[in-house]
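Working notes, structure below.
Each reported figure results from applying straightforward, stated rules to the coordinates on display, with no laboratory input. All of these numbers come straight from a predicted model, not from anything done at the bench. Neighbour counts run over all protein chains shown; Cβ positions are idealised from the backbone, glycine included.
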Amino acid sequence: MHRFRYLLALLLAGFMGAAVAQNVTLRALFMQQAAYSDSDVRSMTADFEAQHPGVKVDVEFVSYEALHNKIITAAAAGGGGYDVVLFDVIWPAEFAQNHVLRDITGDLPQSMIDQVVPGAWTTVTYDGHYYGIPWILDTKYLFYNKDMLAKAGITAPPKTWQELLDQAKAIKDAGIVQYPIVWSWGQAEAIVCDYTTLLSAFGGSFFDNGQPAFNSGGGLEALQFMRTSLDEGLSNPASTESLEEDVRRIFSSGQAAFALNWTYMYNLANDPKESQVAGQVEVAPAPGDGVHSQISAVNGSMGLGITTGSNHPTEALQYIQYLTSQAVQEKYAKLSLPIWKASYDNPAVAQGQESLIAAAKQSLGVMYPRPLLIQYPQFSTWLQTDIHRALLSQTTPKEALDNTAKQVVQDKLD
Amino acid sequence: MAGVPEPVTVPARRAPRLLARAARRASVPWLMLLPALAVVGGVVGYPFFRTLYLSFFNAPLLSHVRTAVGLGNYLHAFQSAEFRADVVHTLHFTVGSIGLELVLGVAVALFLNRPFVGQRFLRAMLILPLALPTVVNAVMWRWIYNPEYGALNALLTQTHILGSYRTWLGTPGLAMNMIIVADVWKNFTLVALLVLAALQTIPVELHDAARVDGAGGWQRFRFITLPGIRPALLVALVLRTVEALKVFDIIYVMTRGGPASSTKTLSFLVYDEAFSFLKLGSAAAYAFLTVALIMVFVGVYIRLLQSRGVAG
């Protein structure tokens, strides 16, 4: 009995202690891949903690491929999960429908909304509601090794995708590099990003009045282009097992003249500690097909949201407002570009990365979305598999895309 | 019932108390086992029956609205070309890795059973791959296979065995075989250790006698060694088969099911279905079908064990 009383007293003391000290600990989930590096995120967080005494943030990093399922399992497990999560542009429909993220529409003043690059908000909205604040404003750019181009007698980067193949062939024939182009075509979301870029360049669309439209027109041309570049030995066959980091390593080791990748590669590929081709790397918007488009881009942005299970939504909102603030984003603008319109005319942001800013000004305006589906992960998995089958010559591009379209109709995906 | 007096000598009013005492005694083992039973029931039993229950529902992971679909999830699985393909991939991995592990394990065990300088050291080295976590092993082999900066391509091109680089994990069919090699490198040592232990129980005199009778090397292996290590082999076979049919981590790290879904196994399908597509009901059904497949294998092995197992 004595022991019981002692325990009770201890518990009471514990509760009172918690009530007296107002320390709040937030748990935040980020990714360890592309965009801001984990050391960037940690130092932003340390600055935030210094400015907000009593608030502590535990940050956690996972690979992009694990991010979706980590958020979902934490939500399914109930309380005690994450307060703040980084989420991709393709998930708001699913997350809103399943009440994973808080609707923060009321917390965002119109004045703030107006100051952000217009396309950025599509990253966090579903059905007219805002489920977070855009943070990583990103798309895929065409990176090229200007020394290799010069050696092959090429003076300007390609203006069309066909010209890219022509230039790649010239570089290959000159014996400068065996496989001039490298892509992130491993079986993952990354291949859908590249496919979307090409689909938009060739004037295609994913759905037309709710019916699959990617298996004809621009969508089909996009996949045929991918297959051709592999068949002709212009794209590195290692592309079909590569993710973005593999692309960066291959390009940075001087084994490719062209690569499609996110913003973060520009400064890393030009950093002598990370790259053997530092100083040779230039960036341009991904080309168009010359008929439907002059340039092309995919919306690969990501936002920060607050989970519905969070017990500290006020502090969580302060934290994501801090991370997405103009001052913080401009300070860390080397690996990810700010969401704020004004930042793109700030000389301090452009300094040392003028060509990246020039490319961003063009590309960010034409970012093409991947389809807005509640069951997007299912759609993406089918599409990845079928694109792969076509690239690996197991089937024709037409049959491959028809197969995905058939499954979408059969399962009545929404 | 030792210690209970003869019923006749017991006065009528004492009978209930004695019966109660007997009942108490009978319940002692159960009381002793209760904590263990509660733990096993909670940790194994509840999830098992809960999963079985869920497999009869259309159960979204993030919603409490469930609709009963009877055997619908199972029927859907059998009609799904994806499921059938994943069964084939799982069997490919299982048969390939178990076959190689048994052959390699026995060969290495026979070698290490001979006396030579450094034998003890090499025996100790057998433990090393086993001590390596699967994820670390998978990352290591992913780097070895990397087409551009991997050790395998470097070795094969520098020795002029290959003319140009190959994409080991980017080619359907080949990718699964390369994963099998990575798995065998780590797990053949378990077979080798078990067989090595069994080899040391076989008396040398049997071999000597056979040699006197004029038996050759193969005959001695076939009629003396093999019967001697059969029980150990069966144990290794059962352990490794169950593990191989459930394979997930090495695939998740090395290929994530690619290229063209050619390395997707049943566990990966269950994982995708539950956590990527949020379909808990059909994921549960797939999980149970995986268990059924494992039971088929285990059933065959148990028959093998019973018919000629320990007796050799």
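Structure notes:
- If you take all other residues with their beta carbon under 14 Å from the beta carbon of B:L174, and give Lys and Arg +1 and Asp and Glu -1, the sum is 0.
- B:V247, B:V87 arranged by Cβ crowding within 10 Å, fewest neighbours leading: B:V87, B:V247
- Net +/- balance of residues flanking A:L220 in space, Cβ distance below 14 Å, scoring K and R +1, D and E -1: -4
- Eligible aspartates and glutamates near A:K151 by straight Cα distance, threshold 16 Å, same-chain separation 8 or greater: A:D166, A:D173, A:E282
- Rounded, prolate or oblate (a/c below 1.5 giving rounded, otherwise prolate when a/b exceeds b/c) for chain B by Cα gyration tensor: oblate
- Take every pair of alpha-carbon atoms less than 8 Å apart whose residues are at least six positions apart; their mean separation over the length of chain A yields a relative contact order of 24 percent.
- A simple spin-label model places the labels of A:Q276 and A:T228 3.2 nm from each other, with each point 7 Å out along Cα-to-Cβ.
- Förster radius 51 Å - calculated FRET efficiency between B:L305 and B:L122 (Cβ-Cβ, nearest 0.05): 0.95
- When each of the peptides B:17-25, A:398-406 is scored by how many other beta carbons lie within 10 Å of its residues on average, the order from highest to lowest is A:398-406, B:17-25.
- Taking a ≥ b ≥ c as the square roots of the eigenvalues of the alpha carbon gyration tensor, chain A is prolate, as a/c is not under 1.5 and a/b beats b/c.
- Positive-end ranking of A:P92, A:G79, A:F30 along the dipole of the range A:30-128, with charges on Cβ about the Cα centre, is headed by A:G79.
- Fully extended contour minus Cα-Cα distance, from B:Y149 to B:V298, at 0.36 nm per residue: 49.5 nm
- Anchor A:K398: aspartates and glutamates whose Cα lies under 13 Å away (excluding residues fewer than 8 positions away in-chain): A:E221, A:D386
- Calculated FRET value between A:K169 and B:E205, using beta carbons and R₀ = 60 Å, to 0.05: 0.20
- Alpha-carbon centroid distance for the pair the range B:180-205 / the range A:217-279, whole angstrom: 45
- Extension gain from A:Q97 to A:M112, taking 0.36 nm per residue of separation minus the Cα-Cα distance: 2.8 nm
- Under a model in which nothing but the beta-carbon of Lys, Arg (+1) and Asp, Glu (-1) is charged, the protein assembly as shown shows a dipole of about 3760 debye around its Cα centre.
- Label-point gap, in nm, between A:E354 and A:E330 - each point 7 angstrom along Cα→Cβ: 2.0
- Peptide B:274-280 - average C-beta neighbours from other chains (10 Å radius): 6
- Cut-off 13 Å between beta-carbons: net charge of the residues surrounding A:A35, Lys and Arg +1, Asp and Glu -1: -3
- Shown for chain B are the DSSP H helices of 18 Å or more along their axis, judged by Cα atoms, with a mean Kyte-Doolittle hydropathy of at least -0.5: B:15-40, B:81-112, B:174-199, B:226-245, B:280-308.
- When peptides B:58-65, A:383-390, A:131-138 are ranked by their average number of other Cβ atoms within 10 Å per residue, the highest-first order is A:131-138, A:383-390, B:58-65.
- To the nearest ten degrees, helix A:313-323 and the longest principal axis of the Cα atoms of chain A are 40 degrees apart.
- Each residue, A:N23 and A:H52, gets one label point 7 Å from its Cα in the Cβ direction; the gap between the two is 1.7 nm.
- Helix A:38-51 and the long axis of chain A differ in direction by around 30°, with both axes built from C-alpha atoms.
- Linear extension gain, B:M32 paired with B:L156, 0.36 nm per residue minus alpha-carbon span: 38.4 nm
- Legend: calculated FRET efficiency, A:A342 to A:R42, from the Cβ-Cβ distance at R0 = 35 Å, rounded to 0.05, equals 0.85.
- Prolate/oblate/rounded call for the range B:147-189, Cα gyration tensor, a/c under 1.5 rounded: oblate
- Peptide B:166-176 - average C-beta neighbours from other chains (10 Å radius): 4
- Whole-number percent relative contact order across chain B, with pairs defined as alpha carbons under 8 Å at least 6 apart: 27
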